[in-house]
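Enquirer: Sharing a structure, written as structure tokens. Questions coming.
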């Protein structure tokens with residue numbers, strides 16, 4: 001739970017952001033707690049739908065990953081995808097899952113100018129967000145809000161540093177957190193595909209914004 005003054009400030013930012021995103025055909029739902037966000041998201045998923053999610057620390061922190069695994073009224077494909085021990089079979093199953101009826105995931109940054117920005121190592125999340133998912137539900141804490149697109153991209157790069165710590169990779173940004181994009185190469189490089197969502201068709205993308213600091 002945020003300090004009341006911090007929460008009030010974040011609500012001010014959210015109130016500025018929501019109509020900007022609406023003009024870009026991105027609907028925003030503001031939830032005071034992660035628990036309320038989980039309930040809302042489950043209610044947004046129709047019975048019998050195929051559902052896929054990209055890896056998301058935010059989803060894990062609010063209990064959404066566990067809730068999706070426990071549901072039986074829709075097909076949560078991620079459990080099956082991750083169950084493949086063979087890397088080729090897992091990759092093929094992940095490729096098919098990109099076109100799920102509902103695609104969920106976290107986003108690394110949201111600018112007050114109306115862009116959602118995220119980076120993937122492999123690209124299944126950005127592919128689902130950009131085109132694959134019939135419906136897309138994006139989950140984020142209010143700490144992901146920044147003022148400009150440039151700040152959003154910078155925030156994405158900082159998130160990749162934290163992800164590298166989690167995965168025990170050692171890109172050139174690791175010692176001091178400064179992005180050295182042109183000196184960063186596989187296999188240590190974490191940033192693979194950068195997506196900037198600037199608009200979409202009406203009704204396809206929903207952002208669930210949570211009044212808490214979540215994820216990287």
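The values are calculated or read from the model by the stated rules, or taken from the named source; none is laboratory data. Everything numeric in this text was worked out from a predicted model, so none of it was measured. Using ideal geometry, Cβ is built from the backbone for each residue, glycine included, and neighbour counts are taken over all protein chains shown.
Enquirer: Residue by residue through region 202-215, note down the ones that are at positive phi and not in a loop (DSSP other than H, G, I, E, B).
Expert: The answer is none; no residue qualifies.
Enquirer: From 130, 154, grab the single residue that is surrounded by fewer than 22 Cβ atoms within 10 Å (Cβ to Cβ) and under 12 Å from residue 205 (Cβ atoms).
Expert: 130
Enquirer: Can you list the strands (runs of 3 or more DSSP E) found entirely within region 63-145 that contain at least 2 residues being over 20 Å from residue 163 (Cα atoms) and in contact with a strand residue (DSSP E or B) (Cβ under 8 Å, 6 or more places away or on another chain)?
Expert: Passing ranges, in order: 102-106, 135-141.
Enquirer: To continue, here is another question. Within region 164-187, can you find the residues that are surrounded by 18 or more Cβ atoms within 10 Å (Cβ to Cβ) and part of a helix (DSSP H, G or I)?
Expert: The one that is surrounded by 18 or more Cβ atoms within 10 Å (Cβ to Cβ) and part of a helix (DSSP H, G or I): 164.
Enquirer: Counting just the residues of region 188-201 that are in contact with a strand residue (DSSP E or B) (Cβ under 9 Å, 6 or more places away or on another chain) and not in a strand (DSSP E or B), which one comes out surrounded by the most Cβ atoms within 10 Å (Cβ to Cβ)?
Expert: Out of the qualifying residues, it is 190.
Enquirer: For residue 94, all conditions in the list (1) more than 21 Å from residue 127 (Cβ to Cβ); (2) in contact with a helix residue (DSSP H, G or I) (Cβ under 8 Å, 6 or more places away or on another chain); (3) free of Cβ contacts under 8 Å to residues at least 40 places away in the same chain hold save one; what is the number of the exception?
Expert: So residue 94 meets the others, but not (1).
Enquirer: Which ones in region 7-34 are surrounded by 14 or more Cβ atoms within 10 Å (Cβ to Cβ) and assigned to a helix (DSSP H, G or I)?
Expert: Residues satisfying the conditions are 7, 10, 11, 13, 14, 17, 18, 20, 21, 34.
Enquirer: Here is a further query. Mind counting the residues in region 167-188 that are in contact (Cβ under 8 Å) with a residue 24 or more places away in the chain and closer than 22 Å to residue 215 by Cα?
Expert: Within region 167-188, residues that are in contact (Cβ under 8 Å) with a residue 24 or more places away in the chain and closer than 22 Å to residue 215 by Cα number 2.
Per-residue answers, yes or no, for (1) over 16 Å from residue 28 (Cβ atoms); (2) modelled with pLDDT of 85 or more; (3) touching a helix residue (DSSP H, G or I) at 6+ places or on another chain (Cβ under 9 Å):
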residue	(1), (2), (3)
168	yes, no, no
173	yes, no, yes
183	yes, yes, no
187	yes, yes, no
190	yes, no, yes
193	yes, yes, yes
197	no, yes, yes
205	no, yes, yes
208	no, yes, yes
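Enquirer: Here's a check for you: in region 78-96, which residue that is surrounded by 16 or more Cβ atoms within 10 Å (Cβ to Cβ) and within 20 Å of residue 57 (Cβ to Cβ) is farthest from the chain's Cα centre (by Cα)?
Expert: 81
Enquirer: Among the numbered conditions (1) within 30 Å of residue 90 (Cβ to Cβ); (2) touching a residue at least 60 places away in the same chain (Cβ under 8 Å); (3) crowded, with 16+ Cβ neighbours inside 10 Å, tell me where residue 44 comes up short.
Expert: Of (1) within 30 Å of residue 90 (Cβ to Cβ); (2) touching a residue at least 60 places away in the same chain (Cβ under 8 Å); (3) crowded, with 16+ Cβ neighbours inside 10 Å, only one is false for residue 44: (3).
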